[in-house]
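This report refers to the structure that appears directly beneath it.
Here, each number is a calculation from the coordinates, and none is a lab measurement. Note that this is a predicted model, so its numbers are computed, not measured. Because the Cβ atoms are built from the backbone with ideal geometry, glycine has one as well, and the counts that use them run over all protein chains shown.
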Amino acid sequence: MKKSETIKSKQEFSDLINNSKFFKTNDYVIYYKENKLGKKRFGIAISKKIGNAVLRNKLKRQTREIIEKLKSLFKNDTDYIIMIRKGCLETSFNDKLKTLEKKLKGEKSNEI
């Protein structure tokens, strides 16, 4: 993921979480909202309640890789916040990838 494709500011995170649509899987909660920047942007969040720093960083790296693999399924001109849930601990990388891919393809018909 390029730097220009990331959301880092606390204000943007708060705005997206409070004023946008979302959908859930066992592993993730994904908030999304249209932007006027002409590109898709992503932010990843994980609670400190989920394991130690090493484990949280591992889950964030896996999530970035999933985003890269499924980038074509995400809509342009949209901001996404991906919140990692505790269910992520029990599922494998391939299961996370397949679940999110199915959800995005299903939501695509509903204009995600």
Seminar exercise, completed: Among residues of the range 43-66 being β-branched (Val, Ile, Thr) and in contact with a strand residue (DSSP E or B) (Cβ under 6 Å, 6 or more places away or on another chain), the residue nearest to residue 81 (Cα to Cα) is 44
For this session: Determine, yes or no, whether residue 20 is among the small types (Gly, Ala, Ser) and surrounded by fewer than 16 Cβ atoms within 10 Å (Cβ to Cβ).
Result: no
Exercise. Out of 66, 82, which single residue is touching a residue at least 40 places away in the same chain (Cβ under 8 Å), of a type in the set (A, V, I, L, M) and surrounded by 13 or more Cβ atoms within 10 Å (Cβ to Cβ)?
Worked result: 82
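Of these, 100, 89, 104, which one is touching a residue at least 24 places away in the same chain (Cβ under 8 Å) and exposed (fewer than 15 other Cβ atoms within 10 Å of the Cβ)?
89
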Exercise. Quick one: in the range 23-43, which of the residues that are without any contact (Cβ under 8 Å) to a residue 40 or more places away in the chain and assigned to a loop (DSSP other than H, G, I, E, B) is surrounded by the most Cβ atoms within 10 Å (Cβ to Cβ)?
Worked result: 39
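Do you know which of the residues in the range 44-63 that are of a type in the set (A, V, I, L, M) and within 14 Å of the chain's Cα centre (by Cα) is surrounded by the fewest Cβ atoms within 10 Å (Cβ to Cβ)? Full working, then the answer.
Initial filter on the range 44-63 (of a type in the set (A, V, I, L, M)): 44-46, 50, 53-55, 59.
Subsequent filtering for residues that are within 14 Å of the chain's Cα centre (by Cα) retains 44-46, 59.
Numbers: 44: 19, 45: 15, 46: 19, 59: 19.
Among them, the one singled out is 45.
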